[in-house]
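Notes to accompany the following structure.
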Amino acid sequence: MTLSTTLRPLRRRRTTRTAPLPQSGRDPFFDNAKFLLVVLVVIGHNWAVLVRDMDTVKAAYTVVYLFHMPAFVLLCGLFSRGFAGTAPQIRALLTRVLAPYLLFTVAYKALPTLLHDAPFSLMPTEPTYLLWFLVALFLWRITAPLWRAVRFPVALAVLVSLAAGLTGVGYQLALPRVLMFLPWFVLGLRLRPEHFHRLRTRAVRCTAPLVLAAALGLAYLNAPHINANWLYMRANHVELQTGPWEYLAMRLGLFVVSAALIAAFFALVPARRTAFTALGALTMFPFLVHGLLVQTGQAYGMYDLVGLLGAGALPLLAVFGVAVTVALSSAPVRRVLRPVVEPRFPRWLTPTDADSCGPLGSPMGRQTPAEKRLVTTDQASARDASSQS
């Protein structure tokens, strides 16, 4: 969905008041949430360079990382509710998730070669930097039907997540992160849009800023002792230098804290259409590209210069993150990057009976209207999944 098509209903409202508005099927609340979350992703990666040097940055960074990725994964689960493994859904997953992963893996591996003359090596099964999220999204979505087929899926996913931290799971296909973030995806599968809107009561909205402020204050007081590796969900208990029981207690505590911060975040997301609502459908563009800018800035010492500002670097990099997100979502940038961010599925690979293929390409006859809506919804959510980190 492009910016122009997203805004077209607003133009019709101004010119023809009596004409009924077309149903776009998009909820501005979720587009607003996705845009704000991808902004936090960009800001977090900009702050990461200065985390070791300043407690102020480390506190803000910690609070953001406690909830922004779990919230993103939660939305991915919500948008995967209609995924049933039909042929159109699989093709959308291949073009909107797997293909960009492979293309940007080449870009992120080539960047150190261009900047530092480092040897070029390509290991697609070992995701680099932020690209782990695309691998995880692919695997989560493929397994969505499985989680709908079992009882107590969230509890089971929590057990899988905890077990991953007690074992020596290698980083092939980002499996530690895939498994440790899994409960948030499965929880998203179980939720419905109305659950999010229930957070918009006056009491919750008034409490949300207090929750975020309290988390920020506690993070600042404990900044010297915070180990950010707990937040990345890729280290097991041995790498974190804790015993199994201490690890389990810490992970369960993180689940609770993250849930509180996620609820506070969604309570504060605007439910109405805003100036940035349309950008919420374009989060894959800033998500995939901004990391190249961050790594280039590091190579040229830009963050060292910004670090000289001390605590002033915190708001400066936050504003820069917002600007980068908006710029990378702009029409000219999208026009240039669309072939690698949103490539088309090759027509010659599409079977002639594609419209009559069911789950994983099996014949299923004529689709019902409900099944057609399911496919359309899933193709849209696959484009947005960046919904994107």
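Summary table below
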quantity: Separation of alpha-carbon centers, region 291-332 and region 241-274, rounded to whole Å; calculated: 26 Å
quantity: Amide H contacts under 5 Å for Thr86, placed H, 5+ residues apart; calculated: Leu360
quantity: Region 101-207 - Rg (one decimal) and Dmax (whole number), Cα, Å; calculated: 18.3, 56
quantity: Theoretical FRET efficiency, 1/(1+(r/R0)^6), r = Cβ-Cβ of Glu239 and Asp55, R0 30 Å, to 0.05; calculated: 0.80
quantity: Cleavage-rule hits (GluC sites (Glu not before Pro)) in region 173-252: DSSP loop, at most 16 neighbouring Cβ within 10 angstrom; calculated: Glu239
quantity: Sites Gln298 and Thr352, calculated FRET efficiency, Cβ-Cβ separation with R0 45 Å, nearest 0.05; calculated: 0.35
quantity: Mean projection area, nm², convex hull over Cα of region 155-234; calculated: 7.3 nm²
quantity: Region 47-384: relative contact order as a whole-number percent, Cα under 8 Å and 6+ apart; calculated: 33 percent
quantity: Rule-of-thumb Rg ratio for region 47-384 [Cα; 2.2 N^0.38 Å; N residues]; calculated: 1.04
quantity: Residue order, fewest to most beta carbons within 10 Å, for Ser161, Ser329; calculated: Ser161, Ser329
quantity: Cα principal axis extents for region 158-312, largest first, Å; calculated: 46, 44, 35
quantity: Peptides 128-138, 93-103 ordered by average Cβ neighbours within 10 Å, highest first; calculated: 128-138, 93-103
quantity: At 1.306 mPa s and 10 °C, Stokes D of region 35-119 from Kirkwood alpha-carbon radius, µm² per second; calculated: 100 µm²/s
quantity: Inter-label distance for Val256 and Thr125, nm, one decimal - labels placed 7 Å from Cα along Cα-to-Cβ; calculated: 4.0 nm
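Throughout, read-outs are computed from the coordinates displayed, never taken from laboratory work. What you see is a predicted model, and the numbers here were worked out from it, not measured in a lab. A quick note on method: Cβ atoms are made from the backbone with ideal geometry, for glycine too, and the neighbour counts reach across all protein chains shown.
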